[in-house]
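The values are calculated or read from the model by the stated rules, or taken from the named source; none is laboratory data. The model shown is predicted, which means the values in this text are computed figures rather than measured ones. Cβ: placed from backbone, ideal geometry, glycine included. Neighbour counts: every protein chain shown. These accessible areas exclude ligands, DNA and RNA; they are computed on the full protein's heavy atoms, side chains included. Shrake-Rupley method; radii C 1.70, N 1.55, O 1.52, S 1.80 Å.
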Amino acid sequence: MSLHAKGLILGKDITELNLPKLCAISFPNGKDDLMNFEVSIRPDEGYYLGGTFLFSFQVSPIYPHEAPKVKCKTKVYHPNIDLEGNVCLNILREDWKPVLNINTVIYGLYHLFTEPNHEDPLNHDAAAVLRDTPKTFGAHVRRAMTGGYVGQTFFPRCM
């Protein structure tokens, strides 16, 4: 398939996005660069209610045969996102299939904020707190989102 056809598949994926209502997409390099874009997610329920989280997407030239590379640009206290912005989401790794699309990934990311998963952690400390003392986990998330320290780590405000 030509690069042009790839761009058309990606362009179709993006124009047909059916985003959760609190998600938005932007193109920092302009609409001509569909391979690199950002998605902001504002959860409307759960621990992360009221926060805004920005993700960068880098789409491979062989998309949809390879998952996009996704990084969280917002420093967040989360069991499935580490402090470097790496995201633990199965469909970005071993469970990716060409039938999946950008929309699926965005819904997956949104789901991480409404249902954080302590069983598949990147931030083991956050996962242990969520598993053992959900109330403390909630307090840590609020402190991080309003701009403050959790342990030795400072989190800039994201609300």
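Some notes on this structure:
- Proximal charge balance of Lys71 [Cβ under 13 Å; K/R count +1, D/E count -1]: 0
- Additional length obtainable on full extension of the chain from Asn117 to Thr104, 0.36 nm per residue less Cα span: 2.9 nm
- Net length available on complete extension from Glu84 to Ala128 is 14.0 nm, with 0.36 nm assigned per residue and the Cα-Cα distance removed.
- Close amide H contacts of Gly148 (hydrogens built in the peptide plane, cut-off under 5 Å, sequence separation of 5 or more or a different chain): Phe155.
- Rounded to the nearest Hz, the phi-derived 3J(HN,Hα) couplings of the stretch 130-147 under the Karplus curve 6.51 cos²θ - 1.76 cosθ + 1.60 (θ = phi - 60°) are 4, 5, 8, 9, x, 5, 5, 4, x, 5, 4, 4, 4, 4, 5, 5, 8, x, where x marks glycine and proline.
- Note on Ile9 and Thr153: their simple-model spin labels are 3.5 nm apart, each label 7 Å out from Cα toward Cβ.
- Heavy-atom surface of the chain, accessible at 1.4 Å and reported per residue (Å²): 52
- Our coupling estimate for the stretch 99-116, obtained by passing each phi through the Karplus curve with A = 6.51, B = -1.76, C = 1.60 and θ = phi - 60°, is 6, 6, 8, 4, 4, 4, 5, 4, 5, x, 5, 4, 4, 4, 7, 8, 9, x Hz, Gly and Pro reported as x.
- Option label - percent of Cα pairs over 28 Å apart computed here, alternatives [x] 18; [y] 43; [z] 22: [z]
- Rounded percent of accessible protein surface that carbon and sulfur make up, the chain, 1.4 Å probe: 54
- Estimated purely from DSSP H runs of n ≥ 4, each contributing -39500 (n - 2.57), the mean residue ellipticity at 222 nm for the chain is -9500 deg cm²/dmol once divided by its residues.
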